[in-house]
């Protein structure tokens with residue numbers, strides 16, 4: 001009887017092992033197929049992006065030439081129309097760039113280039129870029145850096161700049177009056193930096209605080225009507241933060257402004273004892 005039970009048990013184990021091998025093989029095939037599809041999609045988007053850029057660059061060049069009216073032969077109405085075309089074209093180009101970035105990130109094709117950079121270099125560029133925006137919208141822009149900051153950080157400064165520009169652009173877009181602040185300080189563990197972007201804008205409801213990180217997700221209808229959607233900026237920013245081994249979190253209430261906190265490692269991840277950024 002014992003020998004019979006052993007044989008039955010062995011047979012059951014063999015059958016389950018074969019089933020497991022079959023399932024693993026099927027799963028491996030599905031993964032390979034998914035990777036192939038992802039690669040195909042990324043290549044398609046890259047080619048489409050190139051095809052769209054060529055005529056769009058011509059539109060931008062001509063509309064810029066018309067809006068400048070160097071020959072002084074256009075009416076004010078015609079100049080305004082050219083400026084609308086130019087602005088819309090720039091928005092479309094930004095959207096194309098965003099779609100391409102998103103596809104590269106999701107396909108694992110976005111490469112990082114680490115270098116040492118000072119915080120002053122990072123914030124000076126942001127100050128130069130957004131001070132005119134603040135002046136035009138009659139908003140106050142505050143940039144605050146902690147005295148405890150390290151002399152340099154090791155990161156992909158282009159990706160970091162892209163994230164911070166997206167966060168600040170979003171803050172300006174949804175703030176009609178008041179103040180926008182960027183605060184930079186180290187976390188208590190000395191392994192991460194926090195970049196806090198705070199605004200006095202319309203705020204975000206609890207229900208929408210995760211949706212805003214999804215591509216083209218819209219908040220409330222009234223918000224979309226008055227300000228437009230968030231587009232791809234926040235979605236790309238979160239994915240870029242994750243590539244940098246960091247996080248982005250949001251704290252907000254409707255009508256009470258928002259705070260977005262980006263946490264990134266001070267050093268290249270291989271060079272630090274990696275810890276989860278503090279909440």
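The values are calculated or read from the model by the stated rules, or taken from the named source; none is laboratory data. Predicted model only: the values in this text are computed from it and were never measured. For neighbour counting, all protein chains shown are included, and Cβ atoms are generated from backbone atoms with ideal geometry for every residue, glycine included.
Observations
- Single unsatisfied condition, residue 158 versus (1) modelled with pLDDT under 95; (2) touching a strand residue (DSSP E or B) at 6+ places or on another chain (Cβ under 6 Å): (2)
- The listed residues are 71, 111, 115, 106, and the only one of them that is in contact with a helix residue (DSSP H, G or I) (Cβ under 8 Å, 6 or more places away or on another chain), exposed (fewer than 14 other Cβ atoms within 10 Å of the Cβ) and at pLDDT below 90 turns out to be 106.
- Count of residues meeting criterion [surrounded by fewer than 18 Cβ atoms within 10 Å (Cβ to Cβ) and closer than 20 Å to residue 123 by Cβ] in the stretch 195-214: 1
- Hey, residue 219 in contact with a helix residue (DSSP H, G or I) (Cβ under 9 Å, 6 or more places away or on another chain), buried (at least 20 other Cβ atoms within 10 Å of the Cβ) and modelled with pLDDT under 95 or not: yes
- Meets criteria (at pLDDT below 95 and within 20 Å of residue 98 (Cα to Cα)) for residue 230: yes
- Positions within the stretch 245-254 being under 16 Å from residue 153 (Cα atoms) and buried (at least 21 other Cβ atoms within 10 Å of the Cβ), in sequence order: 246
- For the stretch 149-190, filtering for residues that are within 20 Å of residue 246 (Cα to Cα), buried (at least 20 other Cβ atoms within 10 Å of the Cβ) and free of Cβ contacts under 8 Å to residues at least 60 places away in the same chain leaves 2.
- Within the stretch 87-97, not a single residue is at pLDDT 90 or above, loosely packed, with under 14 Cβ neighbours inside 10 Å and outside the structural domain of residue 154 (by TED's automatic domain parsing).
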